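Readers should treat all values here as calculations from the given coordinates under stated rules, not as data from a laboratory. Computed from a predicted model, the values in this text were never measured in an experiment. Counting neighbours? That spans all protein chains shown, and the Cβs are built from the backbone with ideal geometry, glycine included.
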Amino acid sequence: MKRLKLLTVILLASILCLVSCSGRYNTSNSRRPYDSLNIPKSELKRIQNDYPDEAVVRIVSGDVLYAFDQESEASDAWNKPVSKQMYHYTWYMLVPEDESFRGALAKSDGYMSETDDRIGDELFLYAIHPEKVFDKDVKVKNTYCFLEGDFGFDNAPFIYYVTSDGDYVLYRSNSDDVTCLFTEEQFREFVHALLIEDGLYDRIAERSSEAMDPDNWLMGPGSGNMVFIHMTSEEVYDVSPYIFTENN
């Protein structure tokens, strides 16, 4: 009888795992906040019907740095971007078993389309490998992947981690080829320096008011990428103490 009960428990646990777990890294657990890996079941199923052997990393893109400058919670920036004037997209990075890139899926207004663009860079692989970021005694509770900018998809990917040791942000400026690991407070200070103290918002306003003057454009001639999302100078915010080194 005891053996039968034990087998029943194991069977039920296996069934629950099959229901709540999809793929190598994905879950669909409604009892905790949905994030880049814990994706609603219907949403995940829609993707994995066509790509059953690939892990899925959900990414929100748009003017998300503004949300952090306004002191929004990560979940606010994730669920409800602050600005309504820019387009916001949901991207799904597909990760095969060999963890190479095969492109991404983009969702906007309920439509899904496949693209060959490589969104962000390999930074988003740290979403499925937090052990390369944190010590083994740090437990990651939620993982939120963001991509700043609707035009410059290669400029500023970052991952917001909610952990047992506090909240952290792994941020990459591809323009400068630099990756930093910040605490939440340090990241907010950095974003404020990037957007306000370094004059980014002023340059955006100048572009908007004098859009026909090429000297004030923030985009290079013939370029589809924003060119202004760089690390700030040391005079504005010294990022050298936060340079990221991967755990072995």
Nearest-0.05 FRET efficiency for Lys45 and Asp165 at R0 = 30 Å, using Cβ-Cβ distance, is 0.35
Pop a pseudo-label 7 angstrom from the Cα along the beta-carbon direction at both Lys107 and Phe244 and give the gap in nm to one decimal.
2.4
Amide H contacts under 5 Å for Ala104, placed H, 5+ residues apart
Thr115, Asp117
Under-5 Å amide H pairs with Asp63, H placed in peptide plane, nonlocal only
Gly149
Karplus (6.51, -1.76, 1.60) ³J(HN,Hα), θ = phi - 60°, over the range 38-54, in Hz, Gly and Pro reported as x:
8, 10, x, 4, 5, 5, 5, 4, 4, 7, 6, 4, 9, 10, x, 9, 10
Apply the Karplus curve 6.51 cos²θ - 1.76 cosθ + 1.60, θ = phi - 60°, to the phi angles in the range 158-166 and return the couplings in whole Hz, x for Gly and Pro.
8, 10, 9, 9, 9, 10, 5, 10, x
Quick query: amide H of Asp165 versus all other amide H atoms, modeled in the peptide plane; which residues come in under 5 Å with a sequence gap of 5 or more or a different chain?
Lys139
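What does the charge count near Val140 come to, summing +1 for each Lys or Arg and -1 for each Asp or Glu among other residues with Cβ under 15 Å from its Cβ? Let's see the in-between values first.
Working: positive: Arg32, Lys132, Lys136, Lys139, Lys141; negative: Asp35, Glu131, Asp135, Asp137, Asp165, Asp167, Glu184.
Summing Lys and Arg as +1 and Asp and Glu as -1 gives -2.
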